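Just below is one structure, and these are the notes that go with it.
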Amino acid sequence: MPQTDSSHCPLCGQSNQCAMAAGLAPAQCWCMAQPIAPAALQRLPPEQRGLACICPQCARPLPTRQESQSI
Ligand SMILES: [Zn+2]
């Protein structure tokens with residue numbers, strides 16, 4: 001059975017900073033405090049889903065210029 005690398009983001013290959021992959025309590029994971037963009041999950045190929053967490057950068061919703069007029 002091939003070992004699944006669950007500590008790296010399948011989208012960008014960087015560390016996903018997953019608390020569970022680091023041996024910490026799941027409640028300490030960043031994904032509990034930050035919403036995951038549905039569009040980010042849709043970029044994952046089906047065979048990659050559920051194997052490894054994505055990283056905070058990829059989970060962040062893409063900035064929409066329509067809603068950021070004040071910047
Ligand atoms: Zn990533």
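Taken together, the values in this text are just the output of simple stated rules run on the coordinates, not laboratory data. Note that the structure is a prediction, hence the values are computed from the model and not measured. Cβ placement follows ideal geometry from the backbone for every residue including glycine, while neighbour counts extend to all protein chains displayed.
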task = Please give, to one decimal in nm, the separation of the simple spin-label points placed at residue 57 and residue 6, each 7 Å out from Cα toward the Cβ.
result = 2.4 nm
Cα coordinate range in the range 1-57, projected on the principal axes (Å, largest first) = 30, 26, 17
message = Under a crude label model (7 Å from the Cα following the beta-carbon direction), how far is residue 47 from residue 15 in nanometres?
response = 2.9 nm
